[in-house]
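Taking it in order: structure first as C-alpha cells, then the write-up.
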Amino acid sequence: MNVLETEPAYDREIRAQRHVRIRRAKQFLRPLPRKATLHRWPILKRFADTARKRPYLWSFRTREVSISLYLGFVIAFLPIVGIQFILAFAAAWTLRANLPVIMGTQLVTNLATMWAIYPALNIFGKQILDLLGFGNTESSFGQVAVSTVVGGVSAGIAIALIFDVVYRIAFSRAKKSQINLKRILKK
C-alpha cells in the first residue's frame with residue numbers, strides 16, 4: 001500500500017513544507033562543523049574521533065540547543081577574538097551542548113563585524129554600569145575592558161533569550177505537526 005495514496009492532500013502539503021524547512025536549515029548549517037566534516041576544521045580535526053562518539057554534540061533537542069545559544073552568544077560577544085572557537089568547543093564538550101549551534105553563534109563576531117559590535121557593546125556596558133552605580137575605574141583601559149565584558153554578557157544573554165524563545169516555539173510547532181505513519185498505515 002502506498003502511503004501517499006492514503007494520505008490526504010493537507011498532510012502531503014504539510015510534509016512538503018516540512019521538507020522545505022529542513023532543506024533550508026541544512027543549507028544554513030552547511031558551513032558549520034558536522035560529524036562528516038569535522039576533519040576539515042584546522043583545530044577541531046584533532047578532536048574529531050572523540051567528538052563523533054558524543055551524540056549530545058550533534059543533538060537538536062531543546063536542552064542542548066538552549067545551552068548552545070546562551071553560551072555561544074555570550075562567548076561571541078566577549079572581547080576574546082582568536083580563541084572564541086576553542087572556548088566554544090570546550091564549553092560545548094563540557095556542558096553537553098550542541099556543537100554546530102554554538103559554533104554558528106561564533107560567526108556573529110568576525111573580522112568584518114567586530115569593529116561595529118565591540119564599540120556598541122562598550123557603550124551598552126557603560127550604560128549598564130552607570131545604571132548600577134559603578135563609577136569609573138582608575139585606568140581607561142580597565143574601564144573599556146570591564147564595560148565591554150559587561151555589555152557583551154548582557155547582550156549575549158538578551159539575544160540568546162530571543163533566539164531560544166523562537167527555537168522553542170518552532171520546535172513545539174514542528175513536534176505537533178509530525179505525521180503519525182502508524183495511524184496512516186492502519187487506514
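The values are calculated or read from the model by the stated rules, or taken from the named source; none is laboratory data. Predicted model, so just to flag it, every value in this text is computed and none were measured. Here the Cβ positions follow ideal geometry from the backbone for every residue, glycine too, while neighbour counts run over all protein chains shown.
Need the failing condition index for Ile179 against (1) part of a helix (DSSP H, G or I); (2) surrounded by fewer than 18 Cβ atoms within 10 Å (Cβ to Cβ); (3) at pLDDT below 90, just the number.
(1)
Tally up the residues in segment 93-105 that are part of a loop (DSSP other than H, G, I, E, B) and surrounded by 19 or more Cβ atoms within 10 Å (Cβ to Cβ), please.
Matching residues across segment 93-105 total 2.
Pro79: within 30 Å of Gln143 (Cα to Cα) and not small (Gly, Ala, Ser), yes or no?
When the stated conditions are applied, Pro79 passes them.
Please give the number of the condition Lys175 fails out of (1) over 21 Å from Arg34 (Cα atoms); (2) of a type in the set (D, E, K, R); (3) in contact with a helix residue (DSSP H, G or I) (Cβ under 7 Å, 6 or more places away or on another chain).
Evaluating Lys175 over (1) over 21 Å from Arg34 (Cα atoms); (2) of a type in the set (D, E, K, R); (3) in contact with a helix residue (DSSP H, G or I) (Cβ under 7 Å, 6 or more places away or on another chain) leaves (3) as the failure.
Would you mind stating whether Val108 is closer than 19 Å to Tyr167 by Cα and crowded, with 17+ Cβ neighbours inside 10 Å?
no
The rows are residues; the columns are (1) of a type outside the set (A, V, I, L, M, F, W, C); (2) more than 20 Å from Gly151 (Cα to Cα).
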position	(1), (2)
Ala36	no, yes
Pro42	yes, yes
Lys45	yes, yes
Thr62	yes, yes
Ser66	yes, yes
Leu69	no, no
Leu95	no, yes
Leu99	no, yes
Gln106	yes, no
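Out of the residues in segment 112-126 that are without any contact (Cβ under 8 Å) to a residue 24 or more places away in the chain, of a type outside the set (Gly, Ala, Ser) and outside any loop (DSSP other than H, G, I, E, B), state the one that is nearest to Val153 (Cα to Cα).
This residue is Pro119.
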